[in-house]
Amino acid sequence: MAADMGYLRYDDLVARLKAIRDEAPDMVLLEELGKSPEGRIIFGCTLSLGPRAPEDKPALLVDANVHAGEVTGSAAALYLLESLVRERSQPEVRELLSSTTLYVIPRISVDGAEAYLTGPEMLRSAKRRYPEVPLPPGWYAEDVDGDGKILWMRWEDPLGEWTVDPEDPRLMRRRRPGQKGPFYRLMAEGVYRDEAGEVAAVYPQLRPAPSPYGLDFNRNYPAFWQPEAQQPGAGEFPLSEPETRAVAQFIAGHKNIGAYVSLHTTGGVLLRPPSSGGDEKLSPEDRRLFQALTPYLKELTGYPVLSTYEAFATGDDRPLVKGADDWAYEHRGILAFTLELWDLDGRAGARGYSQGGVKALLALSPEEREEDEKKRLKWNDEVLQGRGFHPWRPFDHPQLGKVEIGGWDRKFVLQNPPLDPPHLLEHEGKVTRRLAEGLLGLLPRLAIPSAELKPLGEGLLQLQVTVANEGYLGTAITAQTHKALKLPGVEVEVELSPGWRSLSGPLRRDVGQLAGWGDPSTPAQNAVHLRWVLQGKGPLAVKVTARHPRAGRDETRVEGVATP
Ligand SMILES: [Zn+2]
């Protein structure tokens, strides 16, 4: 089984998934979840060990690459699968995957990622024209010089708002009052296209055009969905796209999913609910839960843990980020996160949004921004030997005349870690694995620690059963679950040998939800003791089963004989 990490084309990714399954068919199930408009299958992978069926155990879902260009997520998801399969004989892995189930959807945007990996475009979700309106005239980001990349263009212009740093001519600085020229323009590499889509000889303005591929799968989920005019990229209606529908159907069809991580880039931050406002939007119970988990989640990932709102609030009333994790939490009560992998700023010692949020980032002065840019360039020179920043080189632009094209490699430095040195991408795989194992370890786990039969005389036996949740989380996972769903409680079922019956009520009981040991109340209500008085003749064999959609199942058997 291959172990090297990389940014795999679709066929290579599928071949690796099939290799994982072929290596450990008793542990790995590979399923087709849906099909993209270009005909690619979206695969889901189930990892499970031991005799218990995957759906009879609490589960974590990890998905990746809902955003076409965030291919680090796919690589990390594959690392998670391959490393667990490779280490399946280790006791910790056996124990974890015998008591829990891991579901992985390694690439959602199967068409978009393929276009991203084979063409120059930066793509949000798919190379699908959206919204379907005529393209306005404007400057379109395109690979003008044919080097396969869309970089930046700069050129001298007395009206320009930029200057070149005298010490490092790679670095562009904002023009300051009182400063002398030469001044520069700076814009994404591209051309001006008129109403007919032609590269016009003259252009009226330097106005960038919106991407023709404006769809954002992560704005297509039902929670807080808003139409296009209010939420760009939203899609025609919630789950209008086959890719998002495949994920939603998977989640809805697997009632055992209690935790969910969606892998994205970039920033180096673990995002948690809510996205709709400050923590006062959460119930007091869930506020406590997220606060209590923060140090542990930070320790697992090495990344700050922020609410999506905290990270992205800008201070004005721009619409906030919302996505699959919001849907999972708000509508299903799942403990849901977005993991933004790859922290270029952190590695370079610069300021990223993961540290103080977007609001703090927007508040940086031009001087502070340039200081940070110098740190990034220094990191590029030291760690990448300068490969991450394409030197400015002269180019004859059809519309602008003499320009220079260059700048950061957007795809494989800014958006995803460069493959060389390899430890950068490997780090994100390890972060993903640690978080996945940590979350699997928090899930509720139903158990029957004891079941006993006690003779009461006169042909009667008393059955005493303890049913417990051995996990950190309660069986409902979050308090939000109760606002969102009708979740069945823990069901305890007793089956008796023929000729025996209960004198004390039904043999099948719903005992409600059980807390986890992580519940702040003490003692935590994570066990329940049940009694039945049984009447019959001869030997009695009892089978006790406890089951819950999110906490798994356990069963035990006990035998006894009634004394007259
Ligand atoms: Zn993303």
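The values are calculated or read from the model by the stated rules, or taken from the named source; none is laboratory data. This is a predicted model, so every value here is computed, not measured. Here Cβ is always computed from backbone atoms with ideal geometry, including for glycine, and neighbour counts include all displayed protein chains. Accessible surface is based on the protein model in full, side chains and every heavy atom, while ligands, DNA and RNA are left aside. Shrake-Rupley method; radii C 1.70, N 1.55, O 1.52, S 1.80 Å.
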> Measuring from label point to label point, each 7 Å out along Cα→Cβ, what is the Q525 to D420 span in nm?
Replying inline: 6.1 nm
>> List the residues, sorted by chain then number, that are 5 or more residues from Y184 or on another chain and whose placed amide H is less than 5 Å from its amide H.
In response: D157, G160, E161, W162, T163
> With every protein chain present, what accessible area does V202 have (1.4 Å probe, heavy atoms only), rounded to the nearest 10 Å²?
Replying inline: 110 Å²
>> Nearest 10 degrees is fine. How inclined is helix 10-23 to the longest principal axis of the chain, computing both from alpha carbons?
In response: 30 degrees
> About the Cα centre of the range 193-254, what is the dipole size in debye to 20, counting +1 per Lys and Arg Cβ and -1 per Asp and Glu Cβ, all else neutral?
Replying inline: 200 debye
> Can you tell which of G489, I150, Y140 lies farthest toward the positive end of the dipole of the chain, using +1 and -1 charges on the Cβ of basic and acidic side chains (Lys, Arg; Asp, Glu)?
Replying inline: G489
>> Before I look further, what does the range 244-287 give for accessible area per residue, probe 1.4 Å, in whole square angstrom?
In response: 28 Å²
>> Given points 7 Å out from each Cα along the Cα-Cβ axis, report the D4 to R387 separation in nanometres with one decimal.
In response: 1.2 nm
> What residues have an amide H closer than 5 Å to that of H390, excluding those fewer than 5 places away on the same chain, when H is modeled at 1.01 Å from N in the peptide plane?
Replying inline: G407, W408, D409
> Measuring with a 1.4 Å probe in the full set of protein chains, what accessible area per residue, in whole Å², belongs to the range 485-528?
Replying inline: 59 Å²
>> Heavy atoms of the protein only, probe of 1.4 Å, neighbouring chains included. What is the accessible area of W517 in Å², nearest 10?
In response: 150 Å²
> R0 = 45 Å: FRET efficiency of E452 with R245, Cβ-based, nearest 0.05?
Replying inline: 0.35
> Once you mark the GluC sites (Glu not before Pro) that are in a DSSP loop and have at most 16 other Cβ atoms within 10 Å, what is the longest gap between them in the chain?
Replying inline: 237-457
>> Using only the alpha-carbon atoms of the chain as identical scatterers, what base-10 log of I(q)/I(0) does the Debye formula give at q = 0.10 Å⁻¹?
In response: -0.89
>> Rounded to the nearest 5, what % of DSSP beta bridges with both residues in the chain are antiparallel?
In response: 75 percent
>> I'd like the orientation of helix 72-86 relative to the chain: the angle between its Cα long axis and the longest Cα principal axis, in ° from 0 to 90, rounded to 10.
In response: 40 degrees
> Does a label point 7 Å from the Cα of L460, set along Cα-to-beta-carbon, have any residues of the range 509-537 with amide nitrogen under 12 Å, and which are they?
Replying inline: 532-536
> Given 0.36 nm per residue, what is the gain on full extension from K18 to L135 after removing their alpha carbon distance, in nm?
Replying inline: 38.0 nm
> Which percent, nearest 5, of DSSP beta bridges in the range 255-357 are antiparallel?
Replying inline: 25 percent
>> Cut-off under 24 Å on the C-alpha distance; same-chain residues fewer than 8 positions from K483 excluded. Which lysines are left, in chain and number order?
In response: K57, K255, K281, K322
> How far is helix 353-362 tilted off the main Cα axis of the chain, in degrees rounded to 10, range 0 to 90?
Replying inline: 40 degrees
>> Name the residue from L13, Y353, Q226 whose Cα lies farthest towards the positive end of the charge dipole of the chain, charges +1 on Cβ of Lys and Arg and -1 on Cβ of Asp and Glu.
In response: Q226
> Rolling a 1.4 angstrom probe over the protein heavy atoms, how many square angstrom per residue are accessible across the range 84-130?
Replying inline: 35 Å²
> Ignoring ligands, DNA and RNA, what percent of the accessible area of the chain is carbon or sulfur (1.4 Å)?
Replying inline: 52 percent
